[in-house]
Amino acid sequence: MKKANLFIVGAPKCGTTAWRQYLSQHPAIAFCDPKEPHFFSEDFPNFRWCHDLGSYQALFEDLQSYDYRGDASVMYLYSQKAAENIARYNPDAKILILLRDYAPFLQSYHRQQVYNGDQSLLAFEDGWRASVSQNGESGLSAREPSFLDYCAVGQFSNQIQRFLQYFSPDQVRILQYEEWVKAPEDYYNALLDYLSLEHIQGVSFVPHNTAKAHRFKWLAKLTQQPPKLVLSLSRIVRQALGRPRLGVAHWLRQKNRVSLQQEQVVPCKEEISSFFSQDKQQLESFEDLRIRVCK
């Protein structure tokens, strides 16, 4: 059976959902469902939705006719183990890394952690300062406390270097959010050129995975962190019906979701820029990996 050979590895809140949708419109590309199995990030056991190779490979059974079979798991970039595990699984895979300026990235990332029910500090500046001081107060109920270490999550250069330990530079490409969002079609075609695929017409580049919040927090907690009894009952029903998923929790989450306006001002912006100044300099060594377009 053909393996997954295209990995959008993150960073989160940098356009992973959008690019999965954009690329899926090409007849030669398809992504597995669910979108983020996180199979290879073994260091995040509470954030893996696929736990064995057989189950993981089954996600691609219906995608065998496609040139590229994709996995878009946003925490692979941050994971200490995913790069090595992906290389062991398929050393010929293509790796797509999405980046964003540090301050808006962390603000958006923080909002997502609050939405997920993993961050108890609602104000972004409180979450950032808790990470800087390393007091751990915001990670008491998080499924993966390391996700709330914003200082580590934003160290992009170290994360990219991890992938370059196991993949050649020709296999890795970087898309910068602030660049591609202004001209998504141009960057889409440039990425197709990199993948040696023909350009196509009629691709939709509408925004995806915009800022959101919950209507009812109790329902959010029930669907995102269900009690063991609910999980056990769900497993029994799924086995009886012979279905991998029931879709009830997903439907409830969709109904419980409301959109938020993007905040224009990022608290602690100068402080964050200063903190990551060295990392930003190190990113310059990866300029040759960036997807570029002619202007």
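Under a 5 Å amide H cut-off, with hydrogens placed 1.01 Å from N, residue 174 pairs with 97, 290, 291 among residues at least 5 apart or on other chains.
Taking amide H as placed 1.01 Å from N in the peptide plane, the amide H of residue 8 sits under 5 Å from that of 71, 72, 73, 96, each at least 5 places away or on another chain. Anything over 30 Å Cα to Cα? Flag those among 94/269; 3/280; 2/35, in the order listed. In this structure, 94/269; 3/280 exceed 30 Å between Cα atoms. Please give the Cα centre distance for the stretch 33-57 versus the stretch 151-208, rounded to the nearest Å. When both Cα centres are located, 22 Å separates them. Between residue 62 and residue 198, the contour length at 0.36 nm per residue exceeds the alpha carbon distance by 46.7 nm. Applying a DSSP loop filter and a limit of 13 other Cβ atoms within 10 Å to the GluC sites (Glu not before Pro) in the stretch 73-143 leaves nothing. Exposure proxy for 167, 156: other Cβ atoms within 10 Å of each Cβ, ordered fewest to most, give 167, 156. By the count of neighbouring beta-carbon atoms within 10 Å, fewest first, 38, 51, 110 end up ordered 51, 38, 110. Counting other Cβ atoms within 10 Å as a rough exposure proxy, the listed residues 151, 268 run 151, 268 from fewest neighbours to most.
All of the numbers you see were taken from the coordinates with simple rules; none came from a lab. Because the structure is predicted, anything quoted here is derived from the model rather than measured. No Cβ is skipped: glycine too gets one built from the backbone with ideal geometry, and neighbour counts run over all protein chains shown.
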